[in-house]
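Q: My questions all concern the structure below.
Taken together, the values in this text are just the output of simple stated rules run on the coordinates, not laboratory data. Every value quoted in this text rests on a predicted model; they were computed, and no experiment measured them. FYI the Cβ positions are ideal-geometry reconstructions off the backbone, even for glycines, and counts take in every protein chain you see.
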Amino acid sequence: MLVNHRLGIALATLAVVVAAAAPAAWSAKIPVAKSNYAKVTLELAGKKTTYHPGETITVSYSTQEHFADNGWIGVIPSEVTHGDEDHNDEFDVAFEYLHKKAKGTVSFKAPAKLGNWDLRMHNTDNHGKEIAFVSFEVK
């Protein structure tokens with residue numbers, strides 16, 4: 001299982017849910033150290049962190065802070081350096097804007113290219129910061 005976190009400017013929760021997950025779903029909360037302004041928590045539901053190309057991945061998120069209308073979650077290759085939204089934006093293969101919603105869900109299709117990928121959450125699409133991420137593999 002690959003679970004990662006980043007400190008950012010908001011209290012955030014990301015969850016990866018597999019479509020048609022088993023009834024007895026496994027979940028984990030991983031608390032992260034606080035910065036002066038924020039705490040980030042990632043939550044995975046379901047034991048599965050490996051997907052087939054085109055399989056649906058649903059991401060649930062929540063935050064105590066309201067991101068900009070163009071805050072976003074994107075699918076980005078794991079080898080891309082973390083932290084800078086502008087840099088991540090150059091490599092995303094899919095994304096969804098959060099539209100100032102403090103919590104919600106978005107769905108993606110697993111990329112066609114096999115390998116390691118991240119779902120990365122950003123506070124804005126205007127020179128922002130990566131707030132959180134969770135990794136998965138496409139086989």
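Q: In percent, what relative contact order does region 64-136 have, based on Cα pairs under 8 Å that are 6 or more apart in sequence?
A: The value is 43 percent.
Q: What list of ³J(HN,Hα) couplings, whole Hz, do you get for region 126-134 from phi and the Karplus terms 6.51, -1.76, 1.60, once you set θ to phi - 60° and write x for glycine and proline?
A: Values per residue, Gly and Pro as x: 10, 6, x, 10, 6, 9, 7, 8, 9 Hz.
Q: Arrange the following residues from fewest to most other Cβ atoms within 10 Å of their Cβ: V59, V134.
A: V59, V134
Q: I'd like to compare 60-73, 118-131: which one has the highest average count of other Cβ atoms within 10 Å, and what's the full order after that?
A: Taking the mean over residues of other Cβ atoms within 10 Å, the ranking is 118-131, 60-73.
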